[in-house]
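The values are calculated or read from the model by the stated rules, or taken from the named source; none is laboratory data. Just so you know, these numbers come straight off a predicted model, no measurement behind them. Virtual Cβ from ideal backbone geometry, glycine too; neighbours counted across all protein chains shown.
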Amino acid sequence: MQPFRFPAFFVLAVTAALLAGCGQKSTVDPEESSVLTSPVAHFEFQAAPKIPPGNRTGEEVYNGLCTTCHATGTLGAPRTGDAAAWAPRIATGYDALVLSVINGKGNMTPRAGSVDLTDTEIQRGVAWLANQAGGNFTEPPTEPPTGQ
């Protein structure tokens, strides 16, 4: 007794039946169709306004560069606002903290990985970040835009 085999015409008939509707107009209402195929969520990324190098405040420097590690404590970075973690660092002084950012320290790359970060912006960012944990540093002022 031979095992059962699908005849070639059966395979052709199934294939033809599946392809029979190709090229015909859909009977689905276009409005209904767009609802059925629309995405579940919509994300829109907006670029932050470009602030020329040299004019960023300490908070803007922090939000643009430092939050990645300091907000979460990633790679051993002291968390923003954690007075116990920052106390020994603050005790080394403002200039030492600024040099740590300029030269890099631990897992932090020099200039926090931003080649356009000016020394004054680093000073502002250090003052802002350290002050969140009890430091009492004065953030250097930003300069008004030229022409005003």
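Things worth noting here:
Yes or no, residue by residue, for (1) outside any helix (DSSP H, G or I); (2) among the hydroxyl-bearing types (Ser, Thr, Tyr); (3) over 16 Å from residue 133 (Cα atoms); (4) modelled with pLDDT under 70:
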position: 22; (1), (2), (3), (4): yes, no, yes, yes
position: 33; (1), (2), (3), (4): no, yes, yes, yes
position: 39; (1), (2), (3), (4): yes, no, yes, yes
position: 46; (1), (2), (3), (4): yes, no, yes, yes
position: 86; (1), (2), (3), (4): no, no, no, no
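- The stretch 100-124: number of residues that are closer than 15 Å to residue 53 by Cα and in contact (Cβ under 8 Å) with a residue 12 or more places away in the chain: 12
- From the list 72, 15, 92, the one residue that fits, being at pLDDT below 80 and polar (S, T, N, Q), is 15.
- Those residues of the stretch 120-133 which are surrounded by fewer than 21 Cβ atoms within 10 Å (Cβ to Cβ) and of a type outside the set (A, V, I, L, M, F, W, C), in sequence order: 120, 131, 132
- Of all the residues in the stretch 99-119, those that are crowded, with 18+ Cβ neighbours inside 10 Å and part of a helix (DSSP H, G or I) number 3.
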